[in-house]
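Below: the structure, in structure tokens.
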């Protein structure tokens, strides 16, 4: 199955971000992608944490969700929509939500980010809990490629990557693909991004798709980029080394997945 991970450098302008995402999804579709993954916060990275509140939507309605459904339907592909802010019960908070849209434009799965990022140095400080309410439930989505082959996708977002127990739960539930839409900072990405992604692929013997924000944003934040696709053996199949927006294409081979798991049946050897 041909897949694509999309790298963006989102701004506080939702309409501009939607236009950029639409162009990149169309580019991926034109190159044969059947599954497209957008990065975390693809629809907007504001000047401050509270900017998310201005463009949050109720689940199932809103211009962002309408656009995603339309793109999936127009290009007849599975679209995993990075994250969008959805209204949460906690006042002045949103969920940071990843949605999966089918080729028919229907929302097939919803995952609310469980682990919330907090990081502080002398020059950088982030605390997602200031405006984001955490989710509590791991979510998988079953998708079918154009040959009729079913793939099970384990959903996650960015900071989740540091918590391997989430991915092990996905593996126990039969995940073939793990997706990690992200907005890793330059500092943490440079230090940990690739090694964490490869570790999650190796230990769970699954493909890993990671779509990232990359570059210098209007709010001064610098994100690492390096969107990539990784094999179940831990090899980087393709990656975007340029920090600019673009599309990374990769072919996911079901035979490789079977081969890795049969030659080294680590998932069968689990004890704990």
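A short reminder: the numbers here are calculations on the coordinates, not readings from a lab. Everything numeric here is computed off the predicted structure, so don't read it as measured data. Every residue, glycine as well, gets a Cβ built from its backbone with ideal geometry; the counts of neighbours run over all protein chains shown.
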At 1.567 mPa s and 4 °C, Stokes diffusion of the stretch 184-272 via Kirkwood alpha-carbon radius, µm² per second: 92
Angle between the chain longest axis and helix 14-30 axis [Cα atoms, degrees, rounded to 10]: 20
Considering only the chain, percent of DSSP beta bridges that pair antiparallel, nearest 5: 70
In degrees, nearest ten, helix 254-263 long axis to first principal axis of the chain (Cα): 60
The chain, relative contact order in percent, only Cα pairs under 8 angstrom and at least six apart counted: 20
Added length on full extension, which subtracts the Cα-Cα distance from 0.36 nm per residue, residue 233 to residue 31: 70.2 nm
Cβ crowding within 10 Å averaged over residues, with 118-125, 129-136 ranked highest first: 129-136, 118-125
Cα long-axis angle, helix 63-75 against the chain (0 to 90 degrees, to the nearest 10): 40
Stokes-Einstein diffusion coefficient of the stretch 1-56, Kirkwood radius over Cα pairs, 10 °C, 1.306 mPa s, in µm²/s: 133
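When you count, for each residue, the other Cβ atoms within 10 Å and take the mean per peptide, how do 214-221, 36-43, 4-11 rank with the highest first?
Details: 214-221: 16.0, 36-43: 28.1, 4-11: 26.1.
Taking the mean over residues of other Cβ atoms within 10 Å, the ranking is 36-43, 4-11, 214-221.
Please work out the FRET efficiency for the pair residue 254 and residue 169, using the Cβ-Cβ distance as r and a Förster radius of 22 Å; give the result to the nearest 0.05. Provide the component values of the computation, followed by the final result.
Working: r = 22 Å, r/R0 = 1.01.
The computed FRET efficiency comes out at 0.50.
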Residue order, fewest to most beta carbons within 10 Å, for 64, 177, 202: 202, 64, 177
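Take the eigenvalues of the Cα gyration tensor for the chain, scale each by 5, and report the square roots as semi-axes in whole Å, largest first.
Equivalent ellipsoid of the chain: 27, 21, 18 Å, largest first.
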Stretchable slack from residue 219 to residue 70, in nm (0.36 nm times residue separation minus alpha-carbon distance): 50.7 nm
DSSP bridge pairs, the stretch 141-272: antiparallel proportion in percent, nearest 5: 65
Set of the stretch 16-32 residues, backbone N closer than 20 Å to the point 7 Å along the Cα-Cβ line of residue 147: 29-32
Modelled FRET efficiency - R0 35 Å, residue 241 with residue 90, Cβ distances, 0.05 increments: 0.35
